[in-house]
Amino acid sequence: VRRVGDKLYEGEKEFRFLGLAAPNLQANENQLRPDFSNRFPDEYEIRDLLGALQQLGARATRTFALSVYSPKDGGAPVYISGHREYNEEAFQCLDRILALAHEYDVRIILPFIASQSFATIRGVDEFAHLSGKPGPFFWIDPGIKADFKHFLSYVLNRKNTVNGVLYKDDPAILAWQLGNEFGSYSGDRRMDYGIWEPVILDWTREMAAYIKEVDPHHLVAEAGGCSREALIADPNIDIISDHLYEYWNRMAGRSTDLAALAQESWKACQGKKVLLVDEFGLGSTENVVSLMEAIIDSGISGGLLWSIRSHRRDGGWYYHNEGGTPINSYHFPGFSNGHTYEATRMLELLRKRAFAITERDLIPIHAPKPTPVLMQNGAGLTWRGSTGASSYEIQRLSGERGEWQTVAIGLEDSVIADAATFEASAESAFPLTLWYDASAKAGDMFSYRIRGVNVSGATQWSEAVTVKY
């Protein structure tokens, strides 16, 4: 994808998109096993996310920033594991993501580092600590800048272990983003914006120029924290980024009219640079849909609703609550536990507009796949879900002969419904037991099988699991 003025092009066709951000595509943040063995998504989890995005009509998504080591995280594996040290296991996960992105026709926006210090993610302060310096030195210390360029060079020049493609040559990457929300750096630490904005601008200019020197073929997106006019004027910046949230704007006393805010940003970029609203949401359905319509009707190149999470390999889903709001992570195709924020309706409204912005006819949802994997979990059952399944059916067999009997229909595997439930759920409680056979008695022995269902069809029945009570 290339930039011409304020537009993106894929070949001779303008490249535009609507979709969802996938902040755990490159590293699972919540519900980690005690041994961290599910820290990095496996192929099933990656395909589940990319397959959901594909069915939603998304041509692009955005990961979250690459994680940095902190002793506060109890040994959780990260991408940047030490001073000029990088975790091969983590990058092999990213290799797989980029290789599979070609198959699903979903391009990746990858932010390098977070301004925040989120648990198991961390960011610029922790990067500075790896060099033995205080956090703010990240922006100004020549040695730390050289360390960050070392990291950039490692990423840009990496050869994918799955398909052999150098990252800097890989069309699966839509853009390199300098980081995540640099604009929050000063405010989060109660530092003077007036002092730090010029510092962050100088850092941004230097790193954008370095990226373009090493990789002149990919687009570079800024991460805020400094003068937008200066970013628009910088020749090494291709994409201006907006994060528009009804909830956070209301908390800060700012306008919550997301469409109007996007249009205002577009006026500043029009004719000069590409604009992406690469995070938006946490608001009413009507407000968010109005923003999507504004993106489609303007020249804004794309937008990503916050945010989508995948199925777990060992049953159920990954969950994340957004700042204590009623809005949790979206699970495709939407489930009844998201009724308070109209999750199913929002995903369908987004899907229609994702096809519209790319001038494609809306196609039916595919039948779910792959076949689910049923597993015993404590006194009940859980299962590895099927992408696109809106519900599940379970059948039971008594003994080695006889006929399978349907004992449950309409089962959902997304079950955590609100922030309070989420916050009260211990990480060790996952995976969740999704179904109990209430009619089973001590001494019974039954075999069970399951299939996923949606409006377009059903999967094959799973392999049977036998349970002795």
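The values are calculated or read from the model by the stated rules, or taken from the named source; none is laboratory data. Worth saying up front: this structure is predicted, and the values here are computed from it rather than measured. Cβ placement follows ideal geometry from the backbone for every residue including glycine, while neighbour counts extend to all protein chains displayed. In case anyone asks, the SASA skips ligands and DNA or RNA and just uses the protein heavy atoms, side chains included. Shrake-Rupley method; radii C 1.70, N 1.55, O 1.52, S 1.80 Å.
For the reader, a short list of remarks on this structure follows.
- Qualifying residue in the stretch 450-460 (condition: farther than 24 Å from SER336 by Cβ, in contact with a Lys or Arg (Cβ under 7 Å, 6 or more places away or on another chain) and assigned to a loop (DSSP other than H, G, I, E, B)): yes
- Looking only at the stretch 245-273, residues that are of a type in the set (S, T, N, Q), farther than 14 Å from SER290 by Cα and part of a loop (DSSP other than H, G, I, E, B) come to 2 in all.
- Among the residues of the stretch 16-58, those identified as in contact with a Ser or Thr (Cβ under 6 Å, 6 or more places away or on another chain), part of a loop (DSSP other than H, G, I, E, B) and open to solvent by less than 30 Å² (accessible area, probe 1.4 Å) are ALA21, ALA22, PRO23, LEU25, GLN26, ALA27.
- Subset of the stretch 138-171 (residues that are open to solvent by 60 Å² or more (accessible area, probe 1.4 Å), closer than 27 Å to LEU8 by Cα and under 22 Å from the mean Cα position of the chain (by Cα)): PRO171
- Residues of the stretch 91-126 satisfying the condition of being part of a helix (DSSP H, G or I) and closer than 18 Å to GLY183 by Cα: VAL124, ASP125, GLU126
- Qualifying strands (runs of 3 or more DSSP E) (wholly inside the stretch 313-412; at least 1 residues being crowded, with 18+ Cβ neighbours inside 10 Å, free of Cβ contacts under 8 Å to residues at least 40 places away in the same chain and over 21 Å from the mean Cα position of the chain (by Cα)): 405-411
- Test: VAL453 is at pLDDT 95 or above and open to solvent by 50 Å² or more (accessible area, probe 1.4 Å): no
- Candidate set from the stretch 1-15 (those that are of a type outside the set (Val, Ile, Thr) and not in a strand (DSSP E or B)); member that is least open to solvent (accessible area, probe 1.4 Å): PHE15
- Verdict on GLU279 being open to solvent by 30 Å² or more (accessible area, probe 1.4 Å) and either within 19 Å of LEU56 (Cα to Cα) or over 22 Å from the mean Cα position of the chain (by Cα) (or both): no
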